[in-house]
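The values are calculated or read from the model by the stated rules, or taken from the named source; none is laboratory data. Bear in mind that the values here come from a model prediction, so they are computed numbers and not experimental data. Reconstructed Cβ throughout: ideal geometry from the backbone, glycine too, with neighbour counts over all protein chains shown.
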Amino acid sequence: KAGVTQTPRYLIKTRGQQVTLSCSPISGHRSVSWYQQTPGQGLQFLFEYFSETQRNKGNFPGRFSGRQFSNSRSEMNVSTLELGDSALYLCASSPLTLANTGELFFGEGSRLTVL
Amino acid sequence: GENVEQHPSTLSVQEGDSAVIKCTYSDSASNYFPWYKQELGKGPQLIIDIRSNVGEKKDQRIAVTLNKTAKHFSLHITETQPEDSAVYFCAASRDFGNEKLTFGTGTRLTIIP
């Protein structure tokens, strides 16, 4: 079974630009979450989608947005990039079935560098 | 909101010795506490979790203890091996199956051969 796939793996942008990151969850997983990982702050929750609906949102500015498609694939977008947005963006999927263990399955992340 | 503190930030132990990582949380309503291991260049991977109705859980060389009164939980790794070297994150959540986890800042564990 393929794992969570995130694209692109690495990207470099300049301040003021926007970026779109993509996540394909494990087949059958309907929940997709996004986390930002930085050396100083650790992993911080961005948002979570289930069946194309945002169910939870973290404390990030409105420049951070996301969406989920009918096939459970998800994208997140960051507009008007700032230097502080440089981070590893991790996507995680979860099956959310009755037998769910609560486990999140993480991808390898998209490393964004803002210059 | 929830706040999770994790200590120490770095830990070096001799191969074969035990390692202990401690976390405290602030939200008394939290009831699900997973631990994730992140190897270099990879995403975090769940290694063990515990729910608030259990005080201890063990899986081979790994164990987690939970003290709800004091609001802290710990990861214990015994008989450490080189492959245990990684960054470990604790996390807390109000609802089992809730994907909104609040993570600690991580512990870089190095096993010295």
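So which of A:Leu104, A:Leu96, A:Leu115 is within 13 Å of chain B (Cβ to nearest Cβ), in contact with a Ser or Thr (Cβ under 7 Å, 6 or more places away or on another chain) and surrounded by fewer than 18 Cβ atoms within 10 Å (Cβ to Cβ)? Lay out the reasoning, then the answer.
Values: A:Leu104 fails: surrounded by fewer than 18 Cβ atoms within 10 Å (Cβ to Cβ); A:Leu115 fails: within 13 Å of chain B (Cβ to nearest Cβ).
Selected residue: A:Leu96, the only one of A:Leu104, A:Leu96, A:Leu115 that is within 13 Å of chain B (Cβ to nearest Cβ), in contact with a Ser or Thr (Cβ under 7 Å, 6 or more places away or on another chain) and surrounded by fewer than 18 Cβ atoms within 10 Å (Cβ to Cβ).
Given (1) surrounded by fewer than 14 Cβ atoms within 10 Å (Cβ to Cβ); (2) part of a loop (DSSP other than H, G, I, E, B), where does B:Ser12 come up short, assuming only one miss? If we test B:Ser12 against (1) surrounded by fewer than 14 Cβ atoms within 10 Å (Cβ to Cβ); (2) part of a loop (DSSP other than H, G, I, E, B), just (2) comes out false.
Note on the range B:41-113: enclosed strands (runs of 3 or more DSSP E) holding 3 or more residues that are of a type in the set (A, V, I, L, M) are B:45-51, B:62-67, B:86-92, B:107-112.
Name the residues in the range B:43-85 that are among the basic types (Lys, Arg) and within 30 Å of A:Ala87 (Cβ to Cβ), would you?
B:Lys71 - this is the single residue of the range B:43-85 that is among the basic types (Lys, Arg) and within 30 Å of A:Ala87 (Cβ to Cβ).
Restricting A:Ser51, A:Ser72, A:Ser79, A:Ser65 to those that are modelled with pLDDT under 95 and surrounded by 14 or more Cβ atoms within 10 Å (Cβ to Cβ) reduces the list to A:Ser72.
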